[in-house]
Each structure stands twice: as C-alpha cells, then as structure tokens.
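Below is one structure, written out as structure tokens; comments come after it.
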Amino acid sequence: MIGADWILAKSFFEFTVWGFFSLLVAEVLRDSYHALCHQVTWLARWHNKHHAAYRRDLSIVSLKVYQESQLYHDIVESSLLVVILTLLVLVVRQSGLWLGVAYASTFLYGASIRYFQGKVDTDYNHLPGPIDTIPSHWCVNRSYHWRHHFDNVNAYYSGVFPLVDKILGTGLSLKGKTFAITGASGALGQALIAELLKYHGKIIALTTSPDKIPAQTGVKVVPWQLDNETQLQDILEKVDILIINHGINVYTSRTSESINTSYEVNTFSALRLMDTFLATVKGNEAKATKEIWVNTSEAEVSPALSPLYELSKRALGEIVTLKRLDEACVIRKLILGPFKSQLNPYGVMTASQVAKGILFFAQRDFRDIIVTINPLTYGLFSLKETSTGLYYRLFSKSGKI
Ligand SMILES: NC(=O)c1ccc[n+]([C@@H]2O[C@H](COP(=O)([O-])OP(=O)(O)OC[C@H]3O[C@@H](n4cnc5c(N)ncnc54)[C@H](OP(=O)(O)O)[C@@H]3O)[C@@H](O)[C@H]2O)c1
C-alpha cells in the first residue's frame with residue numbers, strides 16, 4: 001500500500017515539475033518569437049499589425065485593425081506555440097508537458113474568438129487607460145509592456161516573466177534617452193558619459209567644475225552648486241534618467257565641518273536632487289520612462305576605511321530604500337566596489353570597467369546594480385536591502401500624517 005502511495009506521489013511530483021517547466025518553455029518561446037518578429041523583416045510585417053492596433057493610451061485604433069492584429073500576430077504566435085510544445089511532448093514523452101500545450105491552446109482559443117467574433121478582450125498588458133504604476137521588476141505589467149510599444153520596439157520583449165529581456169539585455173532601453181549626471185567631471189562621471197554616448201543619448205553633465213569637462217558632441221554642461229538643486233527642475237523636466245553620482249570622501253577626518261560636508265554632499269544634496277526630479281514625474285507616461293540611479297557605494301554594507309564616507313553613504317542608501325517604497329518612478333541603486341579615482345586613488349577596478357558593468361546590469365533591469373570584486377557584498381547587501389525594505393514598509397507610510 002505504502003509502495004502504491006509512493007509511486008502515486010512520485011508521479012504527481014514529476015507531472016507538476018514537468019508542467020511548470022512547460023509553462024516556462026512556453027513563455028520563453030513566446031518572448032523569443034516576439035524578439036525575432038522585430039529582427040526578421042517578413043515576420044515584422046505581420047507583427048507590426050499588432051503594434052498598429054494600439055494608441056498611446058493602449059485604446060484600440062479600430063475593431064478592424066484589432067481583428068487583423070489577432071489574425072496576423074496572436075493566432076500565428078499561439079499556433080506556433082501549440083505546435084512546438086506538442087512536438088516537445090512527443091519527443092520527451094512526459095505527460096506533465098501537456099500543461100504547456102493546454103496553456104498555449106487557451107491563447108489560441110482567445111485570439112480565435114477575438115478574430116472571428118470581433119470581441120475586444122485584451123490581456124492585462126494591453127488594458128487601456130493611464131499608466132499609473134512603475135514598470136514592475138519580477139513580472140511584466142502594463143507600464144513595462146507599454147515601453148515596448150512606445151519607448152523602443154526593439155526592447156522589452158517579455159510578456160509575463162522578464163527572463164528573455166534579462167538574457168538579451170533588453171529590459172531597459174538606453175537608446176536616444178536624455179541623461180543628467182552629477183559628479184560629471186569625476187572619474188566615474190566621465191566614464192559613464194563615454195559609455196552612454198554610445199547609445200546616441202543626450203547627456204546633461206551637471207557639474208560643480210564646468211572647466212574640467214571637455215567639449216563633446218551630445219554633452220551639454222550645466223553648472224550646479226549644493227543648495228541650488230531646486231533650480232534644476234526645468235532642466236530635469238526633459239530628463240529621462242537622472243544619475244546622482246557626485247560624492248566626497250573626507251577619509252580619517254572627524255571634525256564637525258567634515259561631518260557636515262560629508263552629509264551635505266553625499267546625503268542631503270542627493271535627497272534634494274531626488275525630490276526635485278520626482279516633482280517632474282507627472283503626466284501619463286513619465287512613470288513608465290523616468291528613472292533615478294543613485295550611486296550609494298558598497299560602503300552601504302562594507303567598510304571603506306573612512307567612517308564619515310560610510311555613515312553618509314549608508315544614510316543615503318537607507319533614504320533610497322525608504323523612498324523606493326512610494327514607487328514614484330524606478331529608482332536604482334549603484335553599489336560599487338573600489339575603483340581608481342581622485343576620491344579613491346587605491347581602487348582596484350577602473351572607472352571604465354565599472355561604467356560598463358553598471359550599464360550591463362541596468363539593461364537587464366537590475367534595480368540594485370552591484371559591481372564589485374568583493375563576493376561578500378552580494379550576500380550582505382541583498383540581506384540588508386530585503387530586511388530594511390520590509391521593516392520600512394511595515395513602519396512607514398507615504399504622504400503626510
Ligand atoms: N572610487 C571608488 O572607489 C568608489 C566606490 C564606490 C562608490 N563611489 C562613488 O562614485 C561616485 C563618483 O566618484 P569617483 O570615484 O568617480 O570620484 P571623483 O573622480 O572624485 O568624482 C567625484 C565627483 O563628485 C563631484 N563633487 C565633489 N565634491 C562635490 C561637492 N562638494 N558638491 C557637488 N559635487 C561634488 C565632483 O564632480 P563635478 O566637479 O563634476 O561636480 C567630483 O569630480 C561618488 O559618489 C563615490 O562616492 C566611488
């Protein structure tokens with residue numbers, strides 16, 4: 001009897017595992033086909049009918065165009081999934097894989113009804129209305145997918161899990177965007193500008209020392225000083241991504257002046273910049289496209305042999321964790337290990353390597369971008385960010401009390 005129960009439990013377990021695997025395969029296949037549709041001309045001709053069906057608020061252009069999009073895109077895509085997944089079942093001979101076939105068949109059924117009966121019944125990624133949430137991280141939501149239609153059609157291919165976007169580096173498009181970056185004359189500031197220019201973006205170099213920035217096509221130099229952050233609002237209105245990168249290191253000093261300067265530069269000016277930028281996140285589309293990247297440093301969790309640097313950067317990191325809870329726009333943290341610069345002449349990495357690393361992970365939509373040679377940081381930071389994030393969520397509220 002025990003033997004029969006064991007066999008039954010084992011079969012059920014195998015069925016479930018293969019079933020989930022087939023769902024994952026279905027989504028990866030669908031997203032890969034989607035990516036192909038944007039690379040292969042004759043597939044693009046069909047797939048573009050899907051793009052043509054929606055206005056910027058995701059309402060449909062007309063029933064006729066919508067039905068056409070069902071025939072040339074949704075029915076083709078789901079039929080392909082059904083065929084490939086059925087072939088997979090026949091080759092691998094695992095009954096759990098039928099779950100994937102059933103899953104794909106529901107899409108084929110839905111698309112067929114929409115095409116033949118003219119029923120407008122869009123999936124959650126295409127529901128019409130304002131974009132009032134930020135692009136989600138673990139699974140695709142409307143604002144994530146909206147960017148595929150209206151930010152860059154050659155990115156954001158994923159439909160449910162953003163796995164394919166993570167592999168292809170299409171989870172965030174940098175192409176043609178406007179970036180503003182503080183600490184622009186510094187080592188990392190210059191390295192990031194050099195990397196970002198490769199994406200044909202516009203760069204606004206925010207700097208306290210404009211003379212140090214070489215004239216370059218695509219880079220506009222804008223001087224700023226501590227305490228005049230709010231005066232940057234007009235400029236920040238047109239910025240897609242603000243990179244808060246300026247910082248100082250007072251090393252071993254512990255005078256009151258050093259305490260003040262460290263917190264003013266590393267923490268409070270960054271907070272004022274964040275707030276000034278957040279005031280520009282308004283309108284229907286800004287939530288989907290505007291972002292802040294904050295360079296908080298590995299000093300959030302590891303020693304930097306400079307107490308005031310650690311204290312002020314940790315305070316900044318905690319403030320970012322707190323502010324992210326409001327989901328006003330995507331806010332990424334840059335958690336960087338030591339690289340050579342005026343601030344840290346002993347850094348082991350180069351600013352150029354770090355800048356490349358930052359963009360690699362940003363394009364894979366990592367919200368916490370860790371670039372370091374210290375393996376402990378990965379574990380310590382994740383632990384700290386998860387626990388403090390949860391604590392702040394439980395014991396703080398958005399808006400005024
Ligand atoms: N180097 C490292 O090992 C390391 C590691 C982790 C994180 N970081 C962080 O990376 C960022 C860039 O640092 P970096 O290493 O590239 O150093 P850097 O070459 O010294 O650049 C820092 C820049 O910050 C700006 N800045 C300095 N004092 C300022 C002030 N009082 N007010 C406003 N801006 C000021 C300056 O840029 P402008 O002259 O253009 O204003 C300066 O060039 C910093 O936030 C730093 O904390 C560095």
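The values are calculated or read from the model by the stated rules, or taken from the named source; none is laboratory data. Computed from a predicted structure; not experimentally measured. Here the Cβ is made from the backbone with ideal geometry for all residues, glycine too, and neighbour counts use every protein chain on show. Just so you know, the surface numbers come from the protein's heavy atoms only, side chains and all, with ligands and any DNA or RNA stripped out. Shrake-Rupley method; radii C 1.70, N 1.55, O 1.52, S 1.80 Å.
Brief remarks on what is shown
- Ranking by accessible area, most exposed first, for His148, His200 with a 1.4 Å probe: His200, His148
- Heavy atoms of Lys175 accessible to a 1.4 Å probe, total area in Å² rounded to 10: 130
- Heavy-atom SASA rank of Trp98, Trp46, Trp293 (probe 1.4 Å, accessible area, largest first): Trp98, Trp46, Trp293
- Relative contact order for the chain, counting Cα pairs under 8 Å that sit 6 or more residues apart, in percent: 13
- Amide H contacts under 5 Å for Arg332: Ile292, Trp293, Val294, restricted to partners 5 or more places along the chain or on a different chain, H placed in the peptide plane at 1.01 Å from N.
- When +1 charges are put on Lys and Arg Cβ atoms and -1 charges on Asp and Glu Cβ atoms, the dipole computed for the range 252-401 relative to its Cα centre reaches about 240 debye.
- Cα gyration tensor category, rounded, prolate or oblate, for the range 175-243 with a/c compared to 1.5: oblate
- Dipole axis of the chain (+1 Lys, Arg; -1 Asp, Glu on Cβ), positive-most option in Tyr391, Gly183, Gly347: Gly183
- Overall form of the range 76-176 per C-alpha gyration tensor (a/c, 1.5; a/b vs b/c): oblate
- Of the DSSP H helices in the chain, those that are both long (alpha-carbon extent of 15 Å or more along the helix axis) and hydrophobic (Kyte-Doolittle mean at least -0.5) are 2-37, 76-92, 98-117, 187-197, 307-324, 351-362, 375-395.
- Each Lys and Arg adds +1 at its Cβ and each Asp and Glu adds -1 at its Cβ; summed about the Cα centre, the chain shows a dipole of about 420 debye.
- The residue among Ile248, Tyr378, Leu197 whose Cα reaches farthest toward the positive pole of the charge dipole of the chain, with charges on the beta-carbon of Lys, Arg, Asp and Glu, is Leu197.
- Accessible carbon and sulfur surface of the chain relative to its total accessible area, %, 1.4 Å: 65
- Charge sum, other residues only, whose C-beta stays under 15 Å from Arg142's C-beta, Lys/Arg counted +1 and Asp/Glu -1: -2
- Calculated accessible area for the range 149-195 comes out at 28 Å² per residue, all protein chains present (probe 1.4 Å; ligands, DNA, RNA ignored).
- Gyration tensor verdict on the range 337-385 (Cα atoms; rounded if a/c is under 1.5, prolate if a/b is larger than b/c, oblate otherwise): oblate
- Under a model in which nothing but the beta-carbon of Lys, Arg (+1) and Asp, Glu (-1) is charged, the range 227-275 shows a dipole of about 240 debye around its Cα centre.
- Per residue, the chain reaches -15500 deg cm²/dmol at 222 nm when only DSSP H runs of four or more residues are counted, each adding -39500 (n - 2.57).
- Candidate cross-link partners of Lys119 among the lysines, defined by an alpha-carbon separation under 28 Å and a same-chain spacing of 8 or more, comprise Lys49, Lys64.
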